[in-house]
Amino acid sequence: MNYWSFERFFEAWPYILKGLHITVGVTISAFLFALFFGLVWTFLRRIPERHINWIVTWVMEFIRSTPPLVQLFFIYYAWPEIPIVGVTLSPFASAVVGFGIHFSTYIGEIYRSGIESVENGQWEAATALNFSLLDKWRLIILPQAFPPTIPMLGNYFIIMFKEVPLASTIGLTGILHMANSFGSEHFNLIEALTIVGIIFLVLSYPSARLIKKLEVKLNTRFDKNRVIEPIE
Amino acid sequence: GGDEESGSSLDALKEQGYVTVGFSNEAPYAYEEDGELKGAAYDIAAAVFNELGIEEVRGSLQDWGQLVPGVQAGQFDAITAGMAITPERAENVLFGEPEMTYGEGLVVEAGNPHDITSFEDIANNEDVTVIVMEGATGIEFLRQSGVSDDQITYAANIPDTFAAVQSGRADATTGTEMTMRMAFESANTEDLEFVESFEQPDVEGVPSYGAAAFSLENEALREAYNEALQTLKDNGTVQELLEENGFHPESNFPGADITTESIVNGDNY
Amino acid sequence: MQDILSISQELSRGLFVTISILIASSLFAYLMGFISGLLRLSKHTVIRKFTGLYIELFRGTSLIVQLFWLYYAIPMLFGINLGSNWIIGVIAIGLNYGAYLSEVVRGSVEAVDDGQTEAAIALNLSSFQKMRYIILPQAVRMMLPEFGNYTIQMLKGTALVSLISLNDILYYGNILRSSNLSQAPLIYLVILIFYFVLALPLIFLTRKAEDISKKGVAN
Amino acid sequence: MTKPIVEYKDVHKSFGDVEVLKGIDLDIFPAEKIAVIGPSGSGKTTIIRMLMTLEEPTDGDIIVDGKNLWKMDKHGKMVEADEKHLREIRGDIGMVFQHFNLFPHMTILENCMTAPIHVKGEKKKEVKKRSIDMLERVGLGDKINNYPSQLSGGQKQRVAMARALVMRPKIMLFDEVTSALDPELVGEVLEVIRDIAKNDDMAMVLVTHEMDFALDVADKVLFLDDGVIAEQGSASDVIEHSENPRVQEFLSRFRS
Amino acid sequence: MTKPIVEYKDVHKSFGDVEVLKGIDLDIFPAEKIAVIGPSGSGKTTIIRMLMTLEEPTDGDIIVDGKNLWKMDKHGKMVEADEKHLREIRGDIGMVFQHFNLFPHMTILENCMTAPIHVKGEKKKEVKKRSIDMLERVGLGDKINNYPSQLSGGQKQRVAMARALVMRPKIMLFDEVTSALDPELVGEVLEVIRDIAKNDDMAMVLVTHEMDFALDVADKVLFLDDGVIAEQGSASDVIEHSENPRVQEFLSRFRS
Ligand SMILES: Nc1ncnc2c1ncn2[C@@H]1O[C@H](COP(=O)(O)OP(=O)(O)OP(=O)(O)O)[C@@H](O)[C@H]1O
Ligand SMILES: Nc1ncnc2c1ncn2[C@@H]1O[C@H](COP(=O)(O)OP(=O)(O)OP(=O)(O)O)[C@@H](O)[C@H]1O
Ligand SMILES: [Mg+2]
Ligand SMILES: [Mg+2]
């Protein structure tokens, strides 16, 4: 078939790579956003009031079970139209906010399972030794809760990276967008899309391996059989 | 969808009873409203296919930039989006004969704060950004008028370009005159302004001639289409459909001497 | 209120496509998940490596990229007739999540306590009987919640098929929005609610599955 | 007679609808060693967890050193104790758990040092010295920089005891501290407790299934059955010469 | 003298570089009850796991009923046993595990019935009757439709025994079957084993830490130390009158 052209394939590389810093930039920013917002969810979830707990749980569930693509559209197209609170965000900012919020609900759950994976006995020992509430969290619980969440957080970083191309639909000039625009200028998308696939594979596969290694390392550090269940 | 690679033969289409056409939701060429496909290019194509004995025309909505790759990939049998014939595009698709002609249009923020009435005005004011639909001929016109690439941003379709200007992400948007006018009217907003005093750029490709397009492999379908199109031009159907869709006889009907070949070889480009 | 109703009416025209793609792609993904998950446990290195390649390929790249790629490339490069876009959507989502589910299948089988295998050997069950009567029944229970979660992921994934011009919920929403920008907030809110309502039964099933999986498994 | 350091006054405890302690009255005197025995589910653990403030009684009072543990005076009214009140009294009490509950992210020296430093605000240097002494006393002087995961069960339990001891509680609670250990490792832990019991003047409450050990160490033995103290007295009275059929039946199970 | 039903001939086993069994020679006669004792890590579990075909010996032969367990004849050459060969011999052997390993997705009756039906192809009706008899014998006749999760540890272990017994093995292996149980539940399980030992003519190998029980039940006691059989003889010879200092030291730990 004459649809595949190696000439075009090699020509497309530099063009598409121009979008890589945008894709990676959005991923990192959105991830930081999600790390912070996840904390907010975690604390909201710990409010003992039943009704608040119910509302928070279902708001999280709502965000988590609706398509990020629609959420992006909402933030990009609808948000500016909302009176008073409406703000116009650039594609970059929209993607950061959109993915940040979407994934914060997952990350909040990871934090939660991290905290819950600390055995009850640790709380009891801390009480028996008469620690203050703050010291319990600071000295006993968090140092144990956080390390086992690191691999899961890493996994979500990669998952997020793979979702970011969705934002090309709101004009984010990441690699998928560059590929589309290369394709529309050259009237053929295959080489460009193949390149995008290769880029994702090359970046995400080794990172996933790295995280696996990290996981093994963390698991053998203390006598932990605590595994943070993936929640997807 | 394209049930065979790069579009089906006429016989196969007749057999299956419908033809699938790609469009990009751009009034007044081809767009969907209340669940129905409308627009001049669509109406003409529908009439032509009827003439060829195919009753039903199904639409396949695409981002503008993906229309040509889409027809090549056989995702639909023809593009009926009033796509302007250009020599470059003609290397990648087969154009039918011209169905219409049009110039460019410009929409800016209400009150035209940057006082833009031509592409040169944009070129001369580095602060101004203009948003264009990806893959549109307007991009090339802007470049030829001296607008730098930094000033041009892209969106996938016309509604998105309007949304961008309306929300202040860009200062202006350009597209074909008919498109800009129709989109401006349907947007029905006080935030925007259609620049009546816009000066057409003096560059190759303006005015543009819109035509249906087919996959490079589908010469036979194009020939059949062209023949039926000529019949409908001769009996006045095409002109009627154009007028119904708001096109003016003086400014929007292509001259009889203008053919796809003359455009592609540069005589009329 | 009137607006919400007319928006809902318009969107509901896309319900069939969204739901039919969800059902078909889930079934396809479950099938792929089981087949490749079990093949990953095979004794033959070649089979394992080959299945691994499929899994890494689809987990390593984005669904949207796979969808576009299948949409443009398959017909052009190989001249394979995949039929309608509906089928392309189903295949893309099915292959993508099938790869994820295969890890769930493999993980669950491996997670069945070694003691169960040993007890099965001590009772002299054959390898096949061991798998059929002891390991799989427990592994399937463990898989259920993850299958539920991934089905919700697939529901979210179906929104992508609007990008290959399938007339799903989001497609009609985008059309509405393009002719009516100022209503965008309401339109997208209603779309989100549509998806959420579709997700609700899945959410409850998943919770139910969690209860089931907690019972009847040794670990 | 000296005043008791802890008094349980008609203490009840229910979980949901189930009453697991049905009126416990008990005095613990300074330096007294009490063993609590009884069938599984009789409420042994619950009794000492209430004193450690890990469980709140449903009814009745627990008085520690003259102060009501779970209630406090607020503007002349007795109200539920708040965390501040609990922390004040809790300083007198230490506990060793069945599953050790060592902090896995700290070395065993750090395990011992963190509470005195952060809770009592003592000087690091002093605490370190005392902790090392204590770890030596339980026979782990050479392991101070190891992490808990590097120790055997018996060693872990000895660290747990050292950790509780450096806090210098007036009363120490032990909840079946050997029952999670391999049979062979039980001896070393009991040895350490025996040593503490002989040489320290803390009060001690030991929940245990080791009858020989209870006989050896305890001044007083409580037999708990179905949420009430069914029998109490000197160790030999209860373990060797009880006439209560419930006690006899229970003890018979330990002679296989 | 009768022929042994199982013979270990200079059996060695290494995990990686570590040799954990250093030449085991052992005959087990029909109906003989053997207790295996010894320190943790000495290789007790490994010995019986090799007979159950859960571990393959690194060297030496295990002969079951005259057939070599881990080797088979193929065209006149001795080669590694395949699954078919193992399944054939395995039919004579049953095992009860420390952690029960009941099938959690089946009722306890189904737990007992699965293997006879699928492995031996027996009739369902017969198997059911026999299984119920067996469950009644271990005192669980009223629980046959319960799931394992609804049982106590002692009950689970009794089910595990019934499950192994309905297969009618010629030799039964028990690996510390009481060490995962609460002290109070140990008695009921030992009682059942004692009953089986008295009334069945199977050979039995019991790895155990319960010395009194071994003394009571076993015809022969093996003391394993560091991968070798350091002492063997009648139960009272080894447990009560051994002069081997290693044995004495080991046994002393059980007297606290
Ligand atoms: N947090 C709780 N929620 C509900 N019930 C509980 C809780 N803690 C204990 N119980 C119940 O209270 C009763 C007494 O429990 P407790 O742990 O005090 O018994 P125990 O004498 O220590 O038994 P064991 O010897 O098995 O440790 C038991 O029936 C137990 O099931
Ligand atoms: N699968 C294995 N891989 C590596 N080493 C093993 C394995 N199984 C057992 N071992 C080692 O072999 C030695 C003997 O183990 P075995 O379980 O037979 O001892 P045991 O006498 O049963 O001890 P215990 O009384 O603690 O059960 C131990 O040092 C153990 O660590
Ligand atoms: Mg207890
Ligand atoms: Mg063992």
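Work from the charge dipole of the protein assembly as shown (Cβ charges, +1 for Lys and Arg, -1 for Asp and Glu, about the Cα centre) and give the residue of E:PHE250, B:THR80, E:THR53 farthest towards its positive end. Result: E:PHE250.
Long hydrophobic helices in chain B, taken as whole DSSP H segments with a C-alpha length of 30 Å or more on their own axis and mean Kyte-Doolittle hydropathy at least 0.0, are absent. Note on segment E:104-168: Kirkwood hydrodynamic radius from all Cα pairs is 11.4 Å, rounded to one decimal. Spin-label model, E:HIS241 to E:SER14: label points 7 Å out along the Cα-to-beta-carbon direction sit 4.1 nm apart. Only helical runs count toward this figure. For chain E, summing -39,500 (n - 2.57) over DSSP H runs of n ≥ 4 and dividing by all residues gives -10500 deg cm²/dmol at 222 nm. Relative contact order, whole percent, for chain A stands at 32, derived from Cα pairs under 8 Å and 6 or more residues apart. Computed on segment D:104-168, with alpha-carbon pairs under 8 angstrom and 6+ residues apart, the relative contact order is 47 percent. Lysine pair count for segment E:57-120 with Cα-Cα distance under 15 Å and sequence separation of 8 or more or different chains is 5.
Compactness of segment B:85-165 is given as radius of gyration and Dmax, 14.1, 42 Å, from Cα positions.
The relative contact order of chain B, computed from alpha carbon pairs under 8 Å that lie at least 6 residues apart in sequence, is 28 percent.
If a/c stays under 1.5 just call it rounded; otherwise compare a/b with b/c (prolate if a/b is bigger, oblate if not). Do that for segment C:16-166, with a ≥ b ≥ c from the square roots of the Cα gyration tensor eigenvalues. Prolate. Model label points for A:HIS51 and B:GLU199, set 7 angstrom from Cα along the Cα-to-Cβ axis, are 6.7 nm apart.
For the segment C:149-155, counting C-beta atoms of other chains within 10 Å of every residue's C-beta and taking the mean gives 3.
In chain C, the DSSP-assigned H stretches of four residues or longer account for a calculated mean residue ellipticity at 222 nm of -25500 deg cm²/dmol, using -39500 (n - 2.57) per stretch and the full residue count as denominator. Using the Cβ-Cβ distance between D:ASP201 and A:PHE146 with R0 set to 60 Å, the FRET efficiency works out to roughly 0.90.
Could you tell me which helices of chain A pass both thresholds, a Cα extent of 30 Å or more along their own axis and a mean Kyte-Doolittle hydropathy of at least -1.0, with helices taken as whole DSSP H runs?
Counting only whole DSSP H runs, the qualifying helices are A:20-46, A:91-116, A:190-221.
Straight-line cross-link partners of E:LYS125 among the lysines, defined as a Cα under 20 Å from its Cα and at least 8 positions apart when in the same chain: E:LYS143.
Averaged over the residues of peptide E:100-111, the number of Cβ atoms from other protein chains lying within 10 Å of each residue's Cβ is 5.
Annotated for chain A: lysine pairs at least 8 residues apart or interchain, Cα distance under 25 Å, count 6. Dimensions of the protein assembly as shown based on its C-alpha atoms, expressed as ranges along the principal axes with the largest first, amount to 123, 93, 50 Å. Between E:SER234 and B:ASN125, the simple label model (points 7 Å from Cα in the Cβ direction) yields a spacing of 11.4 nm. Placing a label point 7 Å from the Cα of D:ASP73 along the Cα-to-Cβ direction, no residue of segment D:1-26 has its backbone N under 18 Å from that point. Any idea how far the Cα center of segment B:55-69 sits from the one of segment C:83-101, in Å? Each part reduced to its Cα centre gives a spacing of 22 Å. Across all Cα atoms of chain E, the radius of gyration (one decimal) and Dmax (whole number) stand at 18.5, 59 Å. Summed over qualifying helices (DSSP H, 4 residues or more, each -39500 (n - 2.57)) and divided by its residue number, chain B shows a 222 nm mean residue ellipticity of -9500 deg cm²/dmol. In summary, the lysines within cross-link reach of D:LYS44, defined as a Cα separation below 22 angstrom excluding same-chain residues under 8 places away, comprise D:LYS9, D:LYS13, D:LYS22, D:LYS33, D:LYS170, D:LYS220.
Tell me the angle of helix C:169-179 to the major Cα principal axis of chain C, expressed in degrees between 0 and 90 and rounded to the nearest ten. Approximately 20 degrees, to the nearest 10.
Once you order the gyration tensor axes a ≥ b ≥ c over the Cα atoms, which shape class does chain A get: rounded for a/c under 1.5, otherwise prolate or oblate by comparing a/b with b/c? Oblate, because a/c is 1.5 or more while a/b does not exceed b/c. Note on B:62-68: average number of Cβ atoms from other chains within 10 Å of each residue's Cβ is 5.
Between this copy and the others, label points of D:GLN232 are 5.4 nm apart in ascending order, each placed 7 angstrom from Cα in the Cβ direction.
Taking a straight line from the alpha carbon of C:LYS156, these aspartates and glutamates sit under 17 Å away, with near neighbours fewer than eight places off in the same chain left out: A:GLU61, A:GLU163, A:GLU232, C:GLU146, C:ASP168. Cα centroid distance between segment B:29-54 and segment A:8-77, in Å? After rounding, the separation between the Cα centres reads 41 Å.
No lab work stands behind these numbers, since they all come straight from the coordinates. This one's a predicted model, so the numbers in the text were calculated from it and none came from an experiment. Because the Cβ atoms are built from the backbone with ideal geometry, glycine has one as well, and the counts that use them run over all protein chains shown.
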